[in-house]
Structures are given as C-alpha cells and as structure tokens.
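The values are calculated or read from the model by the stated rules, or taken from the named source; none is laboratory data. Quick caveat, the model's predicted, so the values are computed rather than measured. Note: ideal-geometry Cβ built from the backbone for every residue, glycine included; neighbour counts use all protein chains shown.
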Amino acid sequence: MGKTAIYLGFFCIYSVILLIMGKGSFGGNSTPEEYFICERKVGLRECVCTFTGTWISAITILSLTGSVYEEGISPLLYSVVPWFLGAFFLALVTKYLYRSKAITVPEMIRLNFGSGTLQAAAGFSLIIVYINYLVTQYKGFGMVASEMFDIPYPAAVGMVYLFIMYTTIGGYRSVLRTDMLNLILLTVSLSVVCFSCVSQCGGFREMYGKAAMVSGMAHPGMQIPTGPGQMMRFFQGRFTPLTCFSMFWGWGLGLAANPQYIVRLLSAKDSRTAQRTVLISIGILIYVYFLLVNTGLAMRVLVPVIPERLTTDGIFIRLINHELYGPWSGFFFLSVIGACISTANSQLLMVASAVSCDIYGNLGRRRTTPRKVVMLGRLTVVAGGTLAMLLTLNPPEFILSFGGDLWGIVAILLFPPLYASVLFPGRITLGGIRAALITGSVMIMLLYPLYYTDHLKLHPAMLGVPAAGAALFLFSARERRGL
C-alpha cells in the first residue's frame, strides 16, 4: 500500500472521530457566556487540555523544530524560554484575573474603568492580530496536507478551512472536546517520533556527542552554515544575544497578556482550577518541548544534509515524509494537523468574541440580545476564517519570527494596562489606560516599519512596552493629582 493511501486512511479515521465529537456541541449556546466560556464551569482536565492544546501550534512543531535542525539549541532562548517566562508571569496574576466577571479581556477594561470605547478599540486590535496569526496555523495544516496527499497548497488550505469552521462554530464547548483529542494524539506521536529517532542515534548521550560534531549547511536554503560545535551552543547564527533578549518582550510578555490563554483561565469553574491549569500545563509543555528539541537534534544527526532547498518551516515535514519515513509518519502528521486546528479554532473564537462582544455587544447594548451576540459570533467565525484562508495563500516564510512579531503587538497594547491594573490597584486611571493604548499604537506604527526594513536591530516590543508603561503611570499620576 502506498504512502498516500496510508495517510488517507489515518485522515479518514481522524475526520470521523472529529465529526462525532463536534456533533454534540451545536446545541444550546444561547448566551455569550455559554458560547464563549461555557458559563465558567470548565473542570481542571478540560482546562489543562485546551490551555496546552492552544499553546502547541504549527509554530511550535514545524518552525521551532526546523530551527533546531538548522542551528541546534540556540532557538530555545529566542522562543521557548520567553514562552515559559510569560507563562510564569501569567501564573502570578491568575487569581486576580479570575475575579473579573468579563467574557473577554477587553471587557475587563470597561468593567474596571468604565470605557466602552477603549474596550472596542482593544477588541479591534485583537481582531487584526488573531486574523494574521491564524495564517500561521492555516499554513502549517496546508503544508502537511499538501505533502501527505500530494495536492496543491491552496487545496490543502481549503481543507483546514472546513475543519476549523466545523470545530469552531459550535463554540467553546466544541473547542474543549477537540483540544483534548488533539493533545493526546500530539503527545503520543511526538513521544514515538522522538524516542525512535534518538534510539537510531544510539541514545541521548551518543546523539548529543554527534550533534556537537555536525557542521555545514543543513540544506541549500540556509544563508549561514552551521559552525563546528554550534548545534550545542546558545547564541549562534541568526539567534544573537540581542535578538533573543529583545524577543522576550515580544514572545514572553505577549504570551503573558494574551487573551487566548487568559480566557481559558476565566472559563475555569473556580480560582483554584484556574491556577492549577497554568502550573500543570507548564509541566506538560516542558515534556513536549523536550521531545521537540531532541527530535530536531536527532534528525540532524541522522540526516545531516537535505539535498533540496527548503524553508525552515518545511524541514520537519520533508524528513518525516521522506528520509525518516516510517509506520508512525501518518499518525504524526495527524497530530500536527490537530495542533493547527486546536490553536486556530481558539483564535478564531477570540475574533468572534471581539466582534460580537467587544464591539457590537458593547457599543450597541440597547438593541443587543444574547441570541444576537451568539449569532453574530457564529457569522464572524465564518467571515474571519474565510479572510484568514485568503491571506494564507501568500503566507510568511518563517512563522516563528512572524508569530513573535504579532505577540509583540499584544505585549505593547495589553501587558502594561492589564498587569498594572492587577499589581497596582487604585493607582491606575482611565486616562492612564487611554494614554498607554495610544502610545502603544504610535510605537507600533513607528517601530515595526523600521524593524522590517532592518533599521531597527531589536524587537519593537523592547521599546514599545516600556514606552506604553511609562505613559500609563505618568498620565495616571497626573490624573490622580488633578483629582
């Protein structure tokens, strides 16, 4: 039996299971609280699965592991370490965030400071961020499906569109169910891939020794060859100390203030469940990243050079489907697809809540009914998913960097007001929040063009977050003195 037929068999089984699981999620959902956060009744197991499943995305599996294959452990300080630092920040404020009765993070601004306009502005910003971030997940699914079934990339992107529509339109309950399935598939398949590759290298100690001796170009698409010993050293190649440190302000603080994770904590049945969700998820994620990093190193040892020109994001797919093809390849590809779906449907639901709750439900409260908000949420799922699909036809080349840039926008706009409101209650005023959002927006418009034209060598969030924070405290102090 050919590879494509085997892959198709795996895919059909997965599709049937997903259809069955999603079918029971279309009933109910008559209120925004039920549709977007399951009325804050989610238990610990489901919270952990959806928090972890949302975190592990195409960027995590394809782009990070491809970077490890090319340059060794240096990408850890660029992405993984900032992610975990951001998670620890989030854990510190979880119990304070849970006290909010909000459905969305922008709604917290209105409840705390009484400004519906700022809630709508924050919601609009998140729509832009999440629509663009969805492109990374569509791209990951499209690349995998295109390789599995030997179909054009646009057709593969159309497949992910249908899957994401189905798993998202049923609301948060549907997302919870599919996230649990996808996390199990991912953890099992990554374990099989990692330990299989490491065993072929002769074990972990032997693999690390061989990885340290690898040098040269991993594939013709690389710009800088791997130096002797570089695979086992930090701060090599494109991942310089300044690049890694400045990325903390984007990836790390962006994750700490990211609504897609905060909403998962708000949906928990109680504060203790929300706190334990972060801590348990961190433990699971440590194991997942252990698997990914060691898989990337083992693959470089087993296949030091790929003869074809590739992008970083395509390395993992190429190796699993060709040089390192095995009986587990189809199962692994399904787990990657599942990870893309789990991240994408949560972000699409965030877009829907921003449109229906933060903009429509907030600015038009007199004519709004719960059913209208939910219906608009469902329509937004379709519209937002369609727009993301169209943007994916021309995706970014390196999604690990692109994701950090988007999370940097979240960090600049939301980290100062969100964390200052929690850590310094009573000292932050509406004028300070307004000044932080305006200053942050100006910094984004000024710094990102410089960053993308290579005139700015550090991540824009490294300057944008302190500037927004300074404006927040300065104007809050002035407003308090005026009172």
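For segment 199-260, which helices (runs of 4 or more DSSP H) that fit wholly inside it have 1 or more residues that are among the β-branched types (Val, Ile, Thr) and closer than 30 Å to LEU90 by Cβ?
Working: elements: 204-213, 241-247, 253-256.
The qualifying helices (runs of 4 or more DSSP H) are 241-247.
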Selected residue (only one of VAL301, VAL288, VAL293 is in contact with a Lys or Arg (Cβ under 6 Å, 6 or more places away or on another chain) and assigned to a helix (DSSP H, G or I)): VAL301
Pairs, first on the phi > 0 side of the Ramachandran plot in segment 33-45, second in a loop (DSSP other than H, G, I, E, B) and polar (S, T, N, Q), C-beta under 8 Å, six or more apart: CYS38/SER267; GLU39/THR31; ARG40/SER267
Among (1) loosely packed, with under 15 Cβ neighbours inside 10 Å; (2) modelled with pLDDT of 90 or more; (3) not small (Gly, Ala, Ser), the one test that ILE412 misses: (1)
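Select, from PHE84, PHE10, PHE51, the only residue that is touching a helix residue (DSSP H, G or I) at 6+ places or on another chain (Cβ under 8 Å), under 27 Å from LYS139 (Cβ atoms), in contact (Cβ under 8 Å) with a residue 24 or more places away in the chain and surrounded by 24 or more Cβ atoms within 10 Å (Cβ to Cβ). Can you show your working first?
Numbers: PHE84 fails: surrounded by 24 or more Cβ atoms within 10 Å (Cβ to Cβ); PHE10 fails: surrounded by 24 or more Cβ atoms within 10 Å (Cβ to Cβ).
Unique residue meeting the criteria: PHE51.
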Any hit, segment 425-432, residues being within 20 Å of VAL129 (Cα to Cα), surrounded by 19 or more Cβ atoms within 10 Å (Cβ to Cβ) and in contact (Cβ under 8 Å) with a residue 12 or more places away in the chain: no
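Quick check on this structure: which one of SER30, SER25, SER15 is among the small types (Gly, Ala, Ser) and either more than 28 Å from THR392 (Cα to Cα) or modelled with pLDDT of 90 or more (or both)?
Working: SER25 fails: either more than 28 Å from THR392 (Cα to Cα) or modelled with pLDDT of 90 or more (or both); SER15 fails: either more than 28 Å from THR392 (Cα to Cα) or modelled with pLDDT of 90 or more (or both).
Checking each option against the conditions leaves just SER30.
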Top-ranked residue of segment 54-81 - restricted to ones that are among the aliphatic types (A, V, I, L, M) and surrounded by fewer than 24 Cβ atoms within 10 Å (Cβ to Cβ), ranked as nearest to ILE337 (Cα to Cα): VAL80
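Does segment 171-182 contain at least one residue that is assigned to a helix (DSSP H, G or I), touching a residue at least 12 places away in the same chain (Cβ under 8 Å) and either more than 24 Å from ARG264 (Cβ to Cβ) or of a type in the set (Gly, Ala, Ser) (or both)?
Restricting attention to segment 171-182, the residues satisfying the condition of being assigned to a helix (DSSP H, G or I) are 172-182.
When the remaining residues are screened for being touching a residue at least 12 places away in the same chain (Cβ under 8 Å), the result is 172-182.
Narrowing further to those that are either more than 24 Å from ARG264 (Cβ to Cβ) or of a type in the set (Gly, Ala, Ser) (or both): 174.
So far as segment 171-182 goes, yes, one or more of its residues are assigned to a helix (DSSP H, G or I), touching a residue at least 12 places away in the same chain (Cβ under 8 Å) and either more than 24 Å from ARG264 (Cβ to Cβ) or of a type in the set (Gly, Ala, Ser) (or both).
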Candidates ALA274, ALA212 - the one that is farther than 28 Å from ILE412 by Cβ, at pLDDT 90 or above, touching a helix residue (DSSP H, G or I) at 6+ places or on another chain (Cβ under 9 Å) and of a type outside the set (Lys, Arg): ALA212
Test: TYR172 is in contact with a strand residue (DSSP E or B) (Cβ under 9 Å, 6 or more places away or on another chain) and at pLDDT 90 or above: yes
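Yes or no, residue by residue, for (1) within 17 Å of TRP251 (Cα to Cα); (2) hydrophobic (A, V, I, L, M, F, W, C):
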site	(1), (2)
LEU406	yes, yes
PHE415	yes, yes
THR429	no, no
ALA435	no, yes
LEU463	yes, yes
GLY469	no, no
ARG481	no, no
Residue tally, condition within 28 Å of TYR360 (Cα to Cα), over 17 Å from the mean Cα position of the chain (by Cα) and either surrounded by fewer than 22 Cβ atoms within 10 Å (Cβ to Cβ) or aromatic (Phe, Trp, Tyr) (or both), over segment 123-171: 6
Selected residue (criterion: modelled with the lowest pLDDT) from residues of segment 360-377 that are hydrophobic (A, V, I, L, M, F, W, C) and surrounded by fewer than 17 Cβ atoms within 10 Å (Cβ to Cβ): LEU363
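Going through segment 249-277 one residue at a time, which ones are among the small types (Gly, Ala, Ser), in contact with a Cys (Cβ under 6 Å, 6 or more places away or on another chain) and under 13 Å from ALA87 (Cα atoms)? Spell out the reasoning first.
Step one: of segment 249-277, the residues among the small types (Gly, Ala, Ser) are 250, 252, 254, 256-257, 267-268, 271, 274.
Among the residues that remain, those that are also in contact with a Cys (Cβ under 6 Å, 6 or more places away or on another chain) are: 267-268.
Answer for segment 249-277, where residues must be among the small types (Gly, Ala, Ser), in contact with a Cys (Cβ under 6 Å, 6 or more places away or on another chain) and under 13 Å from ALA87 (Cα atoms): there is none.
How many residues are more than 23 Å from VAL93 (Cα to Cα) and in contact with a helix residue (DSSP H, G or I) (Cβ under 8 Å, 6 or more places away or on another chain) when one looks only at segment 452-473? Break it down stepwise before answering.
Quick first cut of segment 452-473, residues more than 23 Å from VAL93 (Cα to Cα) only: 452-460, 463.
This time we only want the ones that are in contact with a helix residue (DSSP H, G or I) (Cβ under 8 Å, 6 or more places away or on another chain), so: 456-460, 463.
Going through segment 452-473 one residue at a time, the tally reaches 6.
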Residue within segment 122-135 that is modelled with pLDDT of 90 or more, aromatic (Phe, Trp, Tyr) and closer than 20 Å to VAL160 by Cβ present: yes
Matching residues in segment 75-98 - criterion: being more than 16 Å from the chain's Cα centre (by Cα), of a type in the set (A, V, I, L, M) and under 14 Å from THR277 (Cα atoms): ALA91, LEU92, VAL93, LEU97
TYR360, sole failed condition from (1) under 21 Å from the mean Cα position of the chain (by Cα); (2) farther than 28 Å from MET148 by Cβ; (3) of a type in the set (Ser, Thr, Tyr): (1)
Residue check for GLY254: buried (at least 17 other Cβ atoms within 10 Å of the Cβ) and in contact (Cβ under 8 Å) with a residue 24 or more places away in the chain: yes
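Test THR167 against the stated conditions and say whether it is at pLDDT 85 or above and part of a helix (DSSP H, G or I). Lay out the reasoning, then the answer.
Details: at pLDDT 85 or above: no; part of a helix (DSSP H, G or I): yes.
For THR167, the condition - at pLDDT 85 or above and part of a helix (DSSP H, G or I) - is not met.
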